[in-house]
Amino acid sequence: MKLPWSRRRQRQQLEEELQSHLEMAKRERIDRGEPPAQAERSAHREFGNVALVENITRDQWGWLWLDDLLQDLRYGARMLRKNPGFTAVAILTLALGIGANTAIFSVIDAVILRPLPFASPDRLVWLNGKFPQSDEAAVSPPDFVDYRAGSRSFDRLAAVGYRASPSNLSGDTPEQVLTTIASANFFDTLGIQPLLGRDFLASDEQVNLPQVVILGHGIWKRDFASDPGIVGRDIRLDGRSVTVVGVLPRDLPLLSEAQIWQPTPLLNPGMNIRLAHFLRAIGRLKPGVTLAQSQADLDAIASRLASQYPGTNEGWTLRQRPLSEVLIGPVRPALLLISATVGLLLLIACVNMANLLLARSVTRHREFAVRAALGASRGRMVRQTLTESVMLALCGGALGVLGAIWGTHGLRAIGPFDLPRLDEIHVNAAVLAFTAGISLLTGVVFGLIPSLQLSTRQFAQGLKQTGRTSAPAAHKRLSSALVVCEIGVSLTLLVGAGLVLKSFWRLTHVNPGFQTEHVIAARLSLNAPAYTEAANRASFWKHLEERVVSLPGVESAGATSELPLSGEHSDNPFYIEGRTYAPSEFDDANFRQVTPGYLAALRIPLVSGRWFSERDTQTSASVTVVNQAFAGRFVGAQNPLGKHLQVLGDPQKMREIVGVVGNISHSALSDPKQPEMYVPYAQYSPPTMEIVVRTAGNPASLAAALRELVHAIDKDETLSAVRSMDDVLDASVAQPRFSSGLLGLFAALALLLAAIGLYGLMAYSVTQRTNEIGVRMALGATRKDILTLVLKHGSLLAFAGIGLGLLVSAAATRLLTSLLFSVTPSDPQTFLGVALLLVVVALGACYIPARRATRVDPMVALRYE
């Protein structure tokens, strides 16, 4: 069997052999006395059809299909080079659709499809507390220890701090770094082996304060110059000496922003409060154990703990979910919606291409008629057209990959900071395989319709035509139907994007309850031994606030334990007088420690009563201020002022409500306003606070002055996370901005492609009807009549597509309910606005060909053959 790569040499040898045979026969006849011309004719007549012999011989070589494919590819390449304008438009259209799909698939692959970067991630589950007031609670250290000791369904149970907190790392230049606590074997539970050193051991937990640390990979490279000898060395963290026992092979942004990890100090008094829920638990199931079995195990432990500690654990249990669902689940709906959007964008591009090829097939009708007359089968010609369409798709895919590489860089740049695995988004082998597959599929899809049309053609009439070939009626109906579907799909995308954009607009116009303009925020943590006493911390903050207010351009300054809209959260159980509580029952509200200047700095309105002042100290009466949501939920129609409540874990037994302030959006603008209670920092002082300073001018100009001021008060202290409150507000809506921006972009591209498709069809229709237009004008039709004729045709298609799109949108937009804020899926303003926009665009796309039709010279048109 001859191999295809030697085919050209084989053909040459075959031709030479056949010619040699004919020449020998010719010479034999000449030798017998025949004239040369007659001898040549006789030799050919006796031998038979040379071309047929060549074909029969080649059929015996094998690999005929590949030979035909190579021939189709060569012919297709010549045809595409022959029509550079058509080829360029086709490839760019497909590159747009395929490139968008490739870029978004890169995101889907990195965020959703690729397994979590842990060993056997399918066996990892997330454990969170569930009790009557909430099913998203963290876990207390004593409960975690009991579950870890009593569970039989897990290979390992581990825990990590609810959030990373700032600590001071001493060195040539002190800096604040993010730290968190983690239980023994935390990294082993995840299947992560330290790059250097070891994991935390059970003995590391048996301390009052952490004595050892594990460095994150990033800080090891940046602050310690990737020193391989770092293990065993001491560093100073929060004024204490701790020993480095390990270095991670990579940071773990999916689980924590921590740069330095510390073991859970189980002997610390703060780690022994069962109502202090601040750990996040992760479990690795034993092989073969189902979620139902492990949940039954957890419920049995919960029942035992409820009997053992009824005051804190009655009604309390742990619920479990796959770790991937917790980490990736919140962003999955938005990403899948964007993926579906770019899929429809590619469908629109395919429809455009199908129409282009349909129009082109009319101009090639005579060519295919000649090929049919020469013996080409319909299947052979269909294969040729499909080969050309696949070549276009592959070229578009190659160009689309280049666009996707650029696009993924852009997506990483504009992506929200809280999009999981954002830094892993890139074009890899899986994405390239997806692009190749979608390119081939696209080529078949948009090439199949013209090919099937071609296979039903009658070619005999084509040989008789010497002028322009007119498209058959079925061809025109199919092109019109494709354009109608294209407009319908575009309208559906526009409606969906319009709803999401309107939702985002309303979200950004929600009143957060405070004013962000001209406010700068910064984090400061007082963890050094000098600030162990609460009185020392209170004194520092009092001194700092007084100094900050005296800076030029500062209008007011304060501090809070949790900054609104920053992702920081803290809530506390409490009892309020006048209510009777069952065992383990309590109320719960957000809990904030603030300084006297906080209210003025954020301009939160005071509704009634008073705010804190410098007179609210550790030795004065214990007071609290609540917001309107708190008063409405827990006090009702009564006056909250003068009522008392007890916050669990508060050193003060009872606090009197002395004021009511306005509600603010703390977690997210889209969330309902939650009950909140505020206490004076001097009476309940945590080590870490967020400074907020209101200035008369640009708040960014104050950053350097704030750092110098803190350093002047204590040279070992430094600020971190310095940003304006406007930036905090913008970051809180980063994910909806990302989703709505991409949807808007892709919907606009869909509108552009639909307009191009309609324009192309109308321009082609005018060209096909040139003769008809000439006859009409010769019989007295005015330019206005011709304009109306063409616009009417285009308008009918546009309105049919709009009607179809509205019907599809009415059903499809219900899938967007979970992504919308203050907008219904059937919002009439959006539907009407999008429909009107599409009408205007469609009429604009029809107007240019219509104007061209009015300029047709009747005499030229009548001779147009």
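Can you pull out every residue in region 530-568 that is touching a strand residue (DSSP E or B) at 6+ places or on another chain (Cβ under 7 Å) and within 24 Å of P210 (Cα to Cα)? The one that is touching a strand residue (DSSP E or B) at 6+ places or on another chain (Cβ under 7 Å) and within 24 Å of P210 (Cα to Cα): S561.
Quick one: is K502 over 30 Å from V722 (Cβ atoms) and either of a type in the set (D, E, K, R) or open to solvent by 50 Å² or more (accessible area, probe 1.4 Å) (or both)? Answer is yes for this residue.
Looking across region 670-683, the residues that are farther than 15 Å from A589 by Cα and surrounded by fewer than 24 Cβ atoms within 10 Å (Cβ to Cβ) come down to S670, Q683. Considering G697, G757, G744, which residue is surrounded by fewer than 21 Cβ atoms within 10 Å (Cβ to Cβ) and within 35 Å of the chain's Cα centre (by Cα)? One residue alone meets the criteria, G744. Looking across V710, V692, V635, V722, one residue alone is more than 28 Å from T580 (Cβ to Cβ), open to solvent by 10 Å² or more (accessible area, probe 1.4 Å), out of contact with any Cys (no Cβ under 9 Å at 6 or more places or on another chain) and among the β-branched types (V, I, T). It is V722. Restricting the search to helices (runs of 4 or more DSSP H) fully inside region 702-781 and requiring at least 3 residues that are touching a residue at least 12 places away in the same chain (Cβ under 8 Å) and under 30 Å from L345 (Cα atoms) gives 734-768. Answer yes or no: is there a residue in region 143-156 that is over 29 Å from the mean Cα position of the chain (by Cα), crowded, with 17+ Cβ neighbours inside 10 Å, more than 26 Å from D223 (Cα to Cα) and free of Cβ contacts under 8 Å to residues at least 60 places away in the same chain. Yes; the residues of region 143-156 include at least one that is over 29 Å from the mean Cα position of the chain (by Cα), crowded, with 17+ Cβ neighbours inside 10 Å, more than 26 Å from D223 (Cα to Cα) and free of Cβ contacts under 8 Å to residues at least 60 places away in the same chain.
With respect to being touching a strand residue (DSSP E or B) at 6+ places or on another chain (Cβ under 7 Å) and more than 19 Å from S226 (Cβ to Cβ), V247 falls outside the description. Scanning region 449-458 for residues that are crowded, with 17+ Cβ neighbours inside 10 Å and either modelled with pLDDT of 90 or more or not in a loop (DSSP other than H, G, I, E, B) (or both) yields I449, P450, S451, Q453, L454. Going through (1) closer than 30 Å to L252 by Cβ; (2) surrounded by 18 or more Cβ atoms within 10 Å (Cβ to Cβ); (3) touching a Ser or Thr at 6+ places or on another chain (Cβ under 9 Å) one by one, P121 falls short only on (2). Scanning region 127-144 for residues that are of a type in the set (F, W, Y) and under 15 Å from S183 (Cα atoms) yields a total of 1.
Regarding region 171-178, can at least one residue be identified that is at pLDDT 90 or above and open to solvent by less than 40 Å² (accessible area, probe 1.4 Å)?
Scanning region 171-178, I find at least one residue that is at pLDDT 90 or above and open to solvent by less than 40 Å² (accessible area, probe 1.4 Å), so the answer is yes.
Residues in region 402-440 that are not aliphatic (A, V, I, L, M) and not in a helix (DSSP H, G or I) were compared, and the one that is farthest from G218 (Cα to Cα) is N428. Restricting the search to strands (runs of 3 or more DSSP E) fully inside region 197-293 and requiring at least 1 residues that are within 26 Å of S720 (Cβ to Cβ) and either open to solvent by 30 Å² or more (accessible area, probe 1.4 Å) or without any contact (Cβ under 8 Å) to a residue 40 or more places away in the chain (or both) gives 234-237, 240-247, 279-285. Residues that are closer than 28 Å to G697 by Cβ and crowded, with 16+ Cβ neighbours inside 10 Å within region 598-632 comprise Y598, L599, A600, A601, L602, R603, I604, W611, F612, listed in sequence order. Would you confirm, using the coordinates I've provided, whether V647 is farther than 18 Å from D587 by Cβ and in contact (Cβ under 8 Å) with a residue 60 or more places away in the chain? Spelling it out, it is not the case that V647 is farther than 18 Å from D587 by Cβ and in contact (Cβ under 8 Å) with a residue 60 or more places away in the chain.
Where residues in region 83-118 are of a type in the set (S, T, Y) and either touching a Pro at 6+ places or on another chain (Cβ under 8 Å) or over 30 Å from R321 (Cα atoms) (or both), which of them is least open to solvent (accessible area, probe 1.4 Å)? Once the filter is applied, the top-ranked residue is T102.
Restricting attention to region 147-185, the residues being aliphatic (A, V, I, L, M), in contact with a helix residue (DSSP H, G or I) (Cβ under 9 Å, 6 or more places away or on another chain) and assigned to a loop (DSSP other than H, G, I, E, B) number 1. Taking the criterion of being aliphatic (A, V, I, L, M) and over 18 Å from V207 (Cα atoms), the residues of region 236-259 that qualify are V247, L248, L252, L254, L255, A258. Tell me, which residue of region 520-564 that is polar (S, T, N, Q) and not in a helix (DSSP H, G or I) is surrounded by the fewest Cβ atoms within 10 Å (Cβ to Cβ)? So, considering only residues that are polar (S, T, N, Q) and not in a helix (DSSP H, G or I), the one surrounded by the fewest Cβ atoms within 10 Å (Cβ to Cβ) is S550.
Let's see how each residue does on (1) among the β-branched types (V, I, T); (2) within 27 Å of V390 (Cα to Cα); (3) open to solvent by 40 Å² or more (accessible area, probe 1.4 Å); (4) modelled with pLDDT under 75:
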residue: E15; (1), (2), (3), (4): no, no, yes, yes
residue: M24; (1), (2), (3), (4): no, no, yes, no
residue: A37; (1), (2), (3), (4): no, no, yes, no
residue: E40; (1), (2), (3), (4): no, no, yes, no
residue: G48; (1), (2), (3), (4): no, no, no, yes
residue: V53; (1), (2), (3), (4): yes, no, yes, yes
residue: I56; (1), (2), (3), (4): yes, no, yes, yes
residue: D72; (1), (2), (3), (4): no, yes, no, yes
residue: R81; (1), (2), (3), (4): no, yes, yes, no
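Select, from G578, G567, the only residue that is part of a loop (DSSP other than H, G, I, E, B), out of contact with any Gly (no Cβ under 7 Å at 6 or more places or on another chain), open to solvent by 30 Å² or more (accessible area, probe 1.4 Å) and under 17 Å from P512 (Cα atoms). Checking each option against the conditions leaves just G567.
Has region 754-767 got any residue that is under 19 Å from L499 (Cβ atoms) and out of contact with any strand residue (DSSP E or B) (no Cβ under 9 Å at 6 or more places or on another chain)? Yes, some residue in region 754-767 is under 19 Å from L499 (Cβ atoms) and out of contact with any strand residue (DSSP E or B) (no Cβ under 9 Å at 6 or more places or on another chain).
The values are calculated or read from the model by the stated rules, or taken from the named source; none is laboratory data. Computed from a predicted structure; not experimentally measured. Counting neighbours? That spans all protein chains shown, and the Cβs are built from the backbone with ideal geometry, glycine included. Calculation scope for accessible area: heavy atoms of the full protein, side chains included, ligands and nucleic acids excluded. Shrake-Rupley method; radii C 1.70, N 1.55, O 1.52, S 1.80 Å.
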